[in-house]
Amino acid sequence: MIWKTKITQMTKIKYPLVMGAFGGWGKAEFASNFSNAGGLGIIAALNFPDPLDFIENLKLMKELTNKPFGINLSLPHHQARDSIEDENTKNRYLTYVDIALNENCNIFTTSGYKASFLGNKIHDAGAIWIHKCVLLKHALSAEKEGADAVTIVGLEGTGFKNPYTTTTLVNITMAKKLLKIPVIAAGGIGDARGFLGALSMGAEAVCLGTALMATQECPVPQRIKEKWLNLDIFSKEFYKKIYHYNVKNFMAPSTAIGHLREIVPLKVLVSKIIKEAEEIIELWGFNNNQISTL
């Protein structure tokens, strides 16, 4: 089937699937496999403290794939002050944008507090700006500041938590009512039903993070992958890690890990999600060759 959404149209990807921004791991070797599988691979710029290494990784990415990919810039989760240190930080981020633009990259994802100074530069170059947030009020703010799309992470996701985060279901259904720009759903999605569910709730694509951690291409050590695959996502310990407010990032998978049973090649995982989603749709009586949310 042909998958047609506002995000596939915007980014020219085959499937409405976006790779999460992996700190430490989001590099060409990993991201290119996701792009080649039909999604939007993401290189996290901050994985390269030396800008020259960033340039080399972008060049490698273009050798490994001729498919679309994006660049992520994760900002601090606090308001920047008018200090020399914060001004230097801003300039550092802008340097990464300049490097990516010079390498003909035209899709950028951001997260954190007030990314419009990056969004403005990205738009001035005619590129796409997608901002990630956890609260609808932040998504509305990003839309007002000119973001082309937003990724909204539900409570089921991992990493930084806001004390007022709601579930993926609430986020996406309400975002569809309140936002005019496309929404990408994130948080706990790891199989075909979660993927289809997010699209039916109003998302134009799904962002996969934890679901990719148990793939062969992910640089996470084998012993960690095996440990995660054996997690009980309904245990009290896991519950406290995932559903409680935490201002610090933490090393744990999201609830999506519950859908995974074995370590597989990334292309196999993506193909399985798409194939099973198409089979489910056919069982529902849909027999067209195209799935469209437009």
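The values are calculated or read from the model by the stated rules, or taken from the named source; none is laboratory data. This one's a predicted model, so the numbers in the text were calculated from it and none came from an experiment. Methodologically, a virtual Cβ is constructed for each residue, glycine included, from the backbone with ideal geometry; neighbour enumeration extends over all protein chains shown. Accessible surface areas use protein heavy atoms only, side chains included; no ligands, DNA or RNA. Shrake-Rupley method; radii C 1.70, N 1.55, O 1.52, S 1.80 Å.
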Notebook entry, point to check: Of everything in the stretch 221-252 that's of a type in the set (Val, Ile, Thr) and at pLDDT 85 or above, which residue is nearest to the chain's Cα centre (by Cα)?
Noted result: Ile242
Notebook entry, point to check: Applying the selection to the stretch 98-117, what residues are open to solvent by 60 Å² or more (accessible area, probe 1.4 Å) and not in a helix (DSSP H, G or I)?
Noted result: Asn104, Asn106, Tyr113, Lys114
Notebook entry, point to check: Condition test on Thr95, is it touching a residue at least 40 places away in the same chain (Cβ under 8 Å), crowded, with 21+ Cβ neighbours inside 10 Å and among the polar types (S, T, N, Q)?
Noted result: no
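For (1) touching a residue at least 60 places away in the same chain (Cβ under 8 Å); (2) open to solvent by 10 Å² or more (accessible area, probe 1.4 Å), each residue gets a yes or a no:
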site	(1), (2)
Phe30	yes, no
Gly41	no, no
Ala45	no, no
Glu56	no, yes
Leu60	no, yes
Item checked: Of the criteria (1) part of a helix (DSSP H, G or I); (2) out of contact with any Cys (no Cβ under 8 Å at 6 or more places or on another chain); (3) open to solvent by less than 70 Å² (accessible area, probe 1.4 Å), which one Asn120 fails -> (3)
Margin query: For the stretch 134-165, which positions are buried (at least 24 other Cβ atoms within 10 Å of the Cβ) and more than 18 Å from Ala198 (Cβ to Cβ)?
Written below: Ala142, Ala147
Next item on the list: Output the residues belonging to the stretch 52-82 that are of a type outside the set (A, V, I, L, M, F, W, C) and modelled with pLDDT of 95 or more.
Entry: Asp53, Glu56, Asn57, Lys59, Lys62, Glu63, Thr65, Asn66, Lys67, Pro68, Gly70, Asn72
